[in-house]
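The values are calculated or read from the model by the stated rules, or taken from the named source; none is laboratory data. The model shown is predicted, which means the values in this text are computed figures rather than measured ones. Note: ideal-geometry Cβ built from the backbone for every residue, glycine included; neighbour counts use all protein chains shown. Only protein heavy atoms, including side chains, enter the accessible area calculation; ligands, DNA and RNA are left aside. Shrake-Rupley method; radii C 1.70, N 1.55, O 1.52, S 1.80 Å.
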Amino acid sequence: MNRSRQVKQVISAHLSDHVSLYTFIAVLFLMGIVFGAVIVNSLSLTQKEDLAEYLSRFFGQVSEGQFATASEMFQQSFTHYARYVGLMWLLGLTIIGLPIVLIMLFLKGVVVGFTVGFLVNQMSWKGFLLAFVSVFPQNILAVPAVIVVGTASLTFSLRLMRQLLMKRKTEMILGPFLRFSALVVCTLGVLCIAAWFEAYLSPELIKAVVDIK
């Protein structure tokens, strides 16, 4: 019970100390979603037709059960997430990686916004349902996890920058580095669950929506 209370206090203190950075990153991500949705309207008719044809073939394969096995999809999905947060961790260890992390977070939002926007644009209410079942289940965990890692990466990078500019050679960096690395490892556990949703839950939900007449 005491340990649970301590964990809550640590999380509360962390959020309180970095609320402005979390707010900035959340706004950046939302801007990416809006930008991704706007891009849909800027596509040419030919581009929309090509994408619509690809989606039609994909959903046809889903309806017939012609897609990768759940275990293969889980492996691919988790590998993607692991590489993504691993790159963020690596960039957080460098000062020059700070803008790249911001770009990665923005592009993550763009992908989500474009996917939802295109499906709704092409398939109306059914596209909304498809977007909901194909994007929402895994991203309800993946997006917060990525934002947390992104915030930790920026925090550590800013710490390095401050130490370099102010030449605080006596400031210990090992403790923050270990906490940063431990956070990334814990986040991988959350992303493992997100990958499970993407591999085992989303395909069945997509198939159910596609089969709606």
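Observations, loosely collected:
- Extreme residue, least open to solvent (accessible area, probe 1.4 Å), among residues of segment 66-92 that are assigned to a loop (DSSP other than H, G, I, E, B) and among the hydrophobic types (A, V, I, L, M, F, W, C): Ala68
- Exclusive hit being at pLDDT below 90 and open to solvent by 60 Å² or more (accessible area, probe 1.4 Å), set Ile103, Ile11, Ile95: Ile11
- Condition met for Val111 (among the β-branched types (Val, Ile, Thr) and open to solvent by less than 60 Å² (accessible area, probe 1.4 Å)): no
- Odd one out for Ile193, checked against (1) outside any helix (DSSP H, G or I); (2) surrounded by 13 or more Cβ atoms within 10 Å (Cβ to Cβ): (1)
- Cβ pairs under 8 Å, 6+ apart, first in segment 29-48 and loosely packed, with under 13 Cβ neighbours inside 10 Å, second not small (Gly, Ala, Ser): Asn41/Asn121
- Candidate set from segment 127-176 (those that are among the polar types (S, T, N, Q) and assigned to a helix (DSSP H, G or I)); member that is surrounded by the most Cβ atoms within 10 Å (Cβ to Cβ): Ser153
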